[in-house]
Amino acid sequence: MPRQPNSSNQTRNLLEAFLSHAGDWRYGYDLSKETGLKSGTLYPILMRLEAQGLLETRWAEPTAPGRPRRHLYRLTVSGIAVARSARRETEARAAASRPRPVLEGAS
């Protein structure tokens with residue numbers, strides 16, 4: 001059975017980071033620090049999410065002379081919906097894995 005798209009822990013963590021600041025433009029470096037993802041993992045996920053239409057990107061002009069332009073990312077409306085869905089799935093999985101209390105007198 002093939003894996004669902006965007007279901008890896010790394011992708012869900014990245015989507016959660018975006019969702020925690022929904023609507024804000026984010027730098028890859030800041031996302032890496034927040035999620036703990038290394039660039040070799042982070043940037044392929046960002047490119048895949050952009051290709052799926054879940055992220056939009058733009059270039060930011062340098063803040064100081066001699067500095068390069070930087071790429072910025074933010075969730076699209078579709079991306080917000082997918083991120084919220086991923087959050088609900090993660091919460092449901094966590095709730096299902098919690099031990100249930102034993103009721104006294106139940107046999």
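The values are calculated or read from the model by the stated rules, or taken from the named source; none is laboratory data. Note that the coordinates shown come from a computational prediction; the quantities given were computed from them, not determined experimentally. When we count neighbours, we look across all protein chains shown, and the Cβ atoms used for this are built from the backbone with ideal geometry, even at glycine.
The lone criterion from (1) touching a Lys or Arg at 6+ places or on another chain (Cβ under 7 Å); (2) within 20 Å of ASN6 (Cβ to Cβ); (3) of a type in the set (A, V, I, L, M, F, W, C) left unmet by ALA60 is number (2).
Would you confirm, using the coordinates I've provided, whether GLY66 is at positive phi and at pLDDT below 95?
Working: at positive phi: yes; at pLDDT below 95: yes.
Yes.
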